[in-house]
Each structure stands twice: as C-alpha cells, then as structure tokens.
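Structure first, commentary second.
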Amino acid sequence: MNLSDRGQVTKDGIRLYEKSDFAGMHTAGALAAQILDDIAEHVFVGQSTREIDRIIEEKVNAAGATSATIGYKGYQHASCISVNHVVCHGIPGDKKLKDGDILNIDVTVIVDGWFGDTSRMYVAGKLSRKAERLIQVTHDALMLGIEAVKPGNTFGDIGHAIQSYVESQRMSVVRDFCGHGLGLVFHAPPNVLHYGRPGTGAVLQEGMFFTIEPMVNLGRAETKVLADDWTAVTRDKSLSAQFEHSIGVTGSGAEIFTLSPKGTFHPTYQS
Ligand code: MF3
Ligand code: CO
Ligand code: CO
C-alpha cells in the first residue's frame, strides 16, 4: 500500500487523515508559523519584498524543509507578498515598502511530505486607523470561521460565520479565491469558501485537514488578476487583508497547525 492509498475519502472527495497524521501537520505548520514570526523584523520602510522573500527562502532551507511554492505552476518564489490593494499571490519584487503599507506574507513549507500553509499581515512604519480596523476584522473573521469547525457542522457554516461578521462590519469578503484541503498535497478538495449559508456544503468530519484564509476588502469584493497571471488586486483599488491557518478537524473541534510560536500572529501584538 503506498501513501496515497492510505486513509479514507468522503463522497465529496475529501480525505480523512488518521490521528497519527496530526503530528506531521503540526511540525510543518509550526515551521511555517515560525518563519512568519521571524520575518517580522525584516519588514520595514525601504525594504523590498524581494529581500523579504530571499530571507524566507533562506529560512526554509536552513530548516531542511522545502518551499511548496517554488516551482508550483511556474511560480518562482518562497512566498507571496501582497501589499495594500493586492488581494493575494503578490510576487516579491524590487519595489520598496513605504510608510503605512500593509502586507500579507504567505508561506507554505513541506516537511517530511506534510504541507504547512499560513499567512498573516504586517505593516511597514505607522499603521493607519482604517488599515488597523481592516486587519482586526480579517483576523477576527478567520478565528470565527475556525470556531465553526467541528464534526457535524458544514463548510457552509464556516463561510457563513466569516461572511456575516465581515459584512456586519461593512467590509466585503473576496469570493474569487478560497481555502483548500491540504495534507500530503498542497491543494486538495474541498474548496473552502469564505461565504455561504448555514447547513450547506459538505459535512465536517474528524481527520479533515484544510486551510481557512479569508481575504477582506475595505471596498467592494471584486478582484482582477494582473497581466503577470498571479497578482490579484481589488478592482476598486481598496485595501485588502488576509490571514490563513492550516487546521485539522478533531473529535470535538479544530486543531490549528500554524499557531505562532511567539504568539505574534496578529501584527498589532508585535512591538
Ligand atoms: N499559499 C497560497 C495558498 O494559500 C498558494 C500560493 S501558490 C503560489 O493557497 F504559487 F502563488 F505561490
Ligand atoms: Co492556502
Ligand atoms: Co497560503
């Protein structure tokens, strides 16, 4: 029996991992989260996102891990760095960070075959009030989504928890990108939507591993992808934020694989 034959798959094509598989996900997730902790000191006004990415790649290699994004569908970097109105999949480059820029850094590593995928927000210089509010709402939305995770609930319950909260704050949830199953692969079923209706979608079961990674815009939800075929931006140029955790469904709730070892998952907890 090879690895891909192990375990069970639901009728929705979602793999159910074994209790013993949680350990590998915790190791991979903790490394990704630690890299995000340690990159914080390298985010400052005048820094280029290319240099941030270079340091991330160095840290992945130093840990003896593999970057999941280098070579993925032709992508060439160890992170996605999405500044201001970039929603996701921002490509690291030579542009320098300016005072007040907010950015999402998204890192996925592979350790012993297990994928750890996480992202969080950072700020260069002084955080504006409106950006602070956007970041807070986005982080709270992710955690409310995770709170909806337990066997018997559905993926629609997760999406609804996120969407209803974000919209109550007069912000919008991006619909063009979603979370995903992961584990021994980077992207697997299901698509984890960050909007939805209670009770709809596949039923959550113990052993499901997936990400929740809501993107929230201060303006409208619509996005477009730039000519580089990666960079997704808000159509109305409004600010966008995102947080991502990789989680596993337990008998009674969720375990977060990508918790910050330093407890600095949220940028306003830093400094
Ligand atoms: N880490 C991203 C996610 O959350 C995927 C990035 S794919 C890349 O799913 F190729 F753009 F890096
Ligand atoms: Co992801
Ligand atoms: Co990611």
**Request:** State which residue is nearest to E213 (Cα to Cα) when the search covers only region 81-113 and only residues that are touching a residue at least 60 places away in the same chain (Cβ under 8 Å) and charged (D, E, K, R).
**Result:** D106
**Item:** Per-region count, region 88-108, residues in a strand (DSSP E or B) and within 12 Å of ligand 2 (Cβ to nearest atom)
**Value:** 5
**Request:** Could you identify the single residue in K126, K130 that is assigned to a loop (DSSP other than H, G, I, E, B) and open to solvent by 30 Å² or more (accessible area, probe 1.4 Å)?
**Result:** K126
**Fill in**
Only unsatisfied item for A78, checking (1) of a type in the set (G, A, S); (2) open to solvent by 30 Å² or more (accessible area, probe 1.4 Å); (3) not in a helix (DSSP H, G or I), is (2)
**Message:** Which of the numbered conditions does S164 fail, given that it passes all the others? Conditions: (1) buried (at least 23 other Cβ atoms within 10 Å of the Cβ); (2) farther than 28 Å from S67 by Cβ; (3) of a type in the set (G, A, S).
**Reply:** (1)
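Per-residue answers, yes or no, for (1) within 16 Å of ligand 3 (Cβ to nearest atom); (2) free of Cβ contacts under 8 Å to residues at least 60 places away in the same chain; (3) closer than 18 Å to E213 by Cα:
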residue	(1), (2), (3)
F115	yes, no, yes
R129	no, yes, no
H139	yes, no, yes
L144	no, yes, yes
K150	no, no, yes
N153	no, yes, no
S172	no, yes, yes
**Request:** Taking A68 as the residue in question, decide whether it is open to solvent by less than 40 Å² (accessible area, probe 1.4 Å) and within 21 Å of the chain's Cα centre (by Cα).
**Result:** yes
**Prompt:** In region 239-263, which residue that is open to solvent by 10 Å² or more (accessible area, probe 1.4 Å) and either more than 13 Å from G207 (Cα to Cα) or within 16 Å of ligand 2 (Cβ to nearest atom) (or both) is modelled with the lowest pLDDT?
**Reply:** G263
**Item:** Scope region 40-50; condition in a helix (DSSP H, G or I) and surrounded by fewer than 21 Cβ atoms within 10 Å (Cβ to Cβ); matching residues
**Value:** A40, E41, H42, R50
**Message:** Looking at region 160-185 only, could you name the residues that are within 15 Å of the chain's Cα centre (by Cα) and within 24 Å of G29 (Cα to Cα)?
**Reply:** I162, F177, C178, G179, H180, G181, L182, G183
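Residues checked against (1) touching a strand residue (DSSP E or B) at 6+ places or on another chain (Cβ under 8 Å); (2) open to solvent by less than 30 Å² (accessible area, probe 1.4 Å):
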| residue | (1), (2) |
| --- | --- |
| I14 | yes, yes |
| I52 | yes, yes |
| Y72 | no, no |
| K95 | yes, no |
**Item:** Residue among A232, A161 that alone is within 16 Å of ligand 1 (Cβ to nearest atom) and at pLDDT 95 or above
**Value:** A232
**Prompt:** Would it be correct to say that S67 is out of contact with any Phe, Trp or Tyr (no Cβ under 8 Å at 6 or more places or on another chain) and under 18 Å from F177 (Cα atoms)?
**Reply:** no
**Prompt:** Among the residues of region 221-238, which ones are closer than 21 Å to Y72 by Cβ, in a loop (DSSP other than H, G, I, E, B) and open to solvent by 20 Å² or more (accessible area, probe 1.4 Å)?
**Reply:** L226, A227, D228, D229, W230
**Prompt:** Hey, R54 hits all of (1) charged (D, E, K, R); (2) more than 16 Å from ligand 1 (Cβ to nearest atom); (3) in a helix (DSSP H, G or I) but one; which does it fall short on?
**Reply:** (2)
**Request:** Among the numbered conditions (1) assigned to a loop (DSSP other than H, G, I, E, B); (2) away from ligand 1 (no atom under 16 Å from the Cβ), tell me where H194 comes up short.
**Result:** (2)
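The values are calculated or read from the model by the stated rules, or taken from the named source; none is laboratory data. Bear in mind the structure is a predicted one, so any value in this text is a computation, not a measurement. Here Cβ is always computed from backbone atoms with ideal geometry, including for glycine, and neighbour counts include all displayed protein chains. Heavy atoms of the whole protein, side chains included, go into the accessibility calculation; ligands, DNA and RNA do not. Shrake-Rupley method; radii C 1.70, N 1.55, O 1.52, S 1.80 Å.
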